[in-house]
Each structure stands twice: as C-alpha cells, then as structure tokens.
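To start, the structure itself, in structure tokens.
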Amino acid sequence: MKILVLNGPNINMLGIREPGIYGGDNYRDLVRLVKQTAEEMGVEIDCLQTNYEGKLVDWIQRAYGRCDGIVINPAAYTHTSIAILDALKAVGIPAVEVHISDVSKREPFRQISYASMACEKTIMGKGIQGYAEAIRYLAEKYR
Ligand code: CA2
C-alpha cells in the first residue's frame, strides 16, 4: 500500500510561532512521525509540502493509479479551494483530511472546508498526531 501525505501553505513554518494554536512541533517532527507511523503499519509513504495550490492539484492527479490513500492538510486552501476538492473527487482515492488545530473552534472564515467534501474522515485538534491517526485509519481500511 502507498499513501501520499500532502501539506499546504505554511505547514513548513510550524513550531516557529503560535504554539498555543499549532503546538510546539515543527515540520521535521511531522515528517519523522509520518515516516515512523508508515513503517509501523508497513505502508509506503511520500510526504510533501508546498505553498502552491496548483502543485497540490498536480500531486493529487499524479497519485491516480499510483497511490491507495491520501492524507491531506490543505492548510489555508482548505477554506478556499474548489480546485483541490475537484482533484480529490477526480482521482477517487480514499482521503483523510487532517488539521493540526481545532478549526471548528476558530475564526468564522475557517468554518468551511471544501476538501472535507471529498474526504472520508476529518481529524482535527490533535496536533501532528492527527497524521499518525489518519495513516493508521487508511492502512487498516486497506487490509
Ligand atoms: O490546523 C491546521 O492544520 C490548519 O490547516 C493550518 C493552517 C490554517 O490556515 C488552517 O486554517 C488550519 C495554517 C498552517 C500553518 O500556519 C502557521 C501560522 C503561524 C505560524 C506557523 C504556521
């Protein structure tokens, strides 16, 4: 099984500011946890981050026929991107949306998630552990 883990804008800046919202872990910790969880579950993993919406769309499209699951934190594009929603729908790969913070308790503009409309599950407010939970969910479902 191969899982693609995608991260949107500013996720690479984690740990630098706003620890009260995002916790103290940085992007390297996130990648380490993702790789460790993948190894434990016996799945192949590719963990990517970009600040560009189109790149996320390209990576989702490229997963077609190559990946069996997608874990995605579209970051701010969560709340704006119909292009990412359409790409997830187009490939039809089982996807789980992850948010480090609990977006349901934040600003009104964060209350819509387009990506969630194409995801089987949304995990939020669990810090970077949400990624581990998402990988475990997809790996167990695939078995
Ligand atoms: O909680 C999440 O995982 C988010 O997807 C993170 C995004 C935010 O736009 C979403 O609403 C929720 C932000 C990514 C990280 O942004 C930083 C902000 C300040 C300091 C470091 C990173």
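The values are calculated or read from the model by the stated rules, or taken from the named source; none is laboratory data. The shown structure was predicted, so the numbers you read here are calculated from the model rather than taken from an experiment. Every residue, glycine as well, gets a Cβ built from its backbone with ideal geometry; the counts of neighbours run over all protein chains shown. Note: accessible area is taken over every heavy atom of the protein model, side chains too, but ligands, DNA and RNA are not part of it. Shrake-Rupley method; radii C 1.70, N 1.55, O 1.52, S 1.80 Å.
Observations, loosely collected:
- Residue tally, condition over 22 Å from Gly125 (Cα atoms) and either open to solvent by 20 Å² or more (accessible area, probe 1.4 Å) or part of a strand (DSSP E or B) (or both), over region 78-87: 3
- Meets criteria (open to solvent by 10 Å² or more (accessible area, probe 1.4 Å), away from the ligand (no atom under 13 Å from the Cβ), assigned to a helix (DSSP H, G or I) and farther than 25 Å from Gly15 by Cα) for Lys55: no
- Filter result for Ile112 (within 11 Å of the ligand (Cβ to nearest atom) and within 24 Å of Leu30 (Cα to Cα)): no
- Filtered by the rule that a residue be in contact (Cβ under 8 Å) with a residue 40 or more places away in the chain and either open to solvent by 60 Å² or more (accessible area, probe 1.4 Å) or away from the ligand (no atom under 16 Å from the Cβ) (or both), region 37-47 gives Thr37, Ala38, Met41, Gly42, Val43, Glu44, Ile45, Asp46.
- Flag if Glu97 is open to solvent by less than 30 Å² (accessible area, probe 1.4 Å) and of a type in the set (D, E, K, R): yes
Rundown of residues vs (1) among the aromatic types (Phe, Trp, Tyr); (2) in a loop (DSSP other than H, G, I, E, B); (3) within 14 Å of Leu6 (Cβ to Cβ), yes/no style:
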position: Ala90; (1), (2), (3): no, no, no
position: Glu97; (1), (2), (3): no, no, yes
position: Ser101; (1), (2), (3): no, yes, no
position: Ser104; (1), (2), (3): no, no, no
position: Ser113; (1), (2), (3): no, yes, no
position: Ser116; (1), (2), (3): no, no, no
position: Ile123; (1), (2), (3): no, no, no
position: Gly127; (1), (2), (3): no, yes, no
position: Tyr131; (1), (2), (3): yes, no, yes
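- Flag for Thr50 being hydroxyl-bearing (Ser, Thr, Tyr), closer than 17 Å to Ala115 by Cα and more than 12 Å from the ligand (Cβ to nearest atom): yes
- Odd one out for Ile16 among (1) free of Cβ contacts under 8 Å to residues at least 24 places away in the same chain; (2) under 16 Å from the mean Cα position of the chain (by Cα): (2)
- Unique residue being surrounded by fewer than 17 Cβ atoms within 10 Å (Cβ to Cβ) and part of a helix (DSSP H, G or I) when the list is Arg32, Arg66: Arg32
- Sole residue being at pLDDT 95 or above and more than 23 Å from Gly125 (Cα to Cα), chosen from Ala95, Ala75, Ala90: Ala90
- Pairing each residue of region 126-143 that is under 10 Å from Val43 (Cβ atoms) with any residue that is of a type in the set (S, T, N, Q), provided the two are 6+ apart or on different chains, yields C-beta distances under 8 Å for Ile135/Thr37; Arg136/Thr37.
- Residues that are near the ligand (Cβ under 10 Å from one of its atoms), more than 24 Å from Ala83 (Cβ to Cβ) and open to solvent by 60 Å² or more (accessible area, probe 1.4 Å), drawn from region 1-25: Ile16, Arg17, Glu18, Pro19, Ile21, Tyr22
- No other residue among Ile60, Ile11 is among the β-branched types (Val, Ile, Thr), farther than 22 Å from Arg110 by Cα, touching a Leu at 6+ places or on another chain (Cβ under 9 Å) and touching a residue at least 12 places away in the same chain (Cβ under 8 Å) apart from Ile60.
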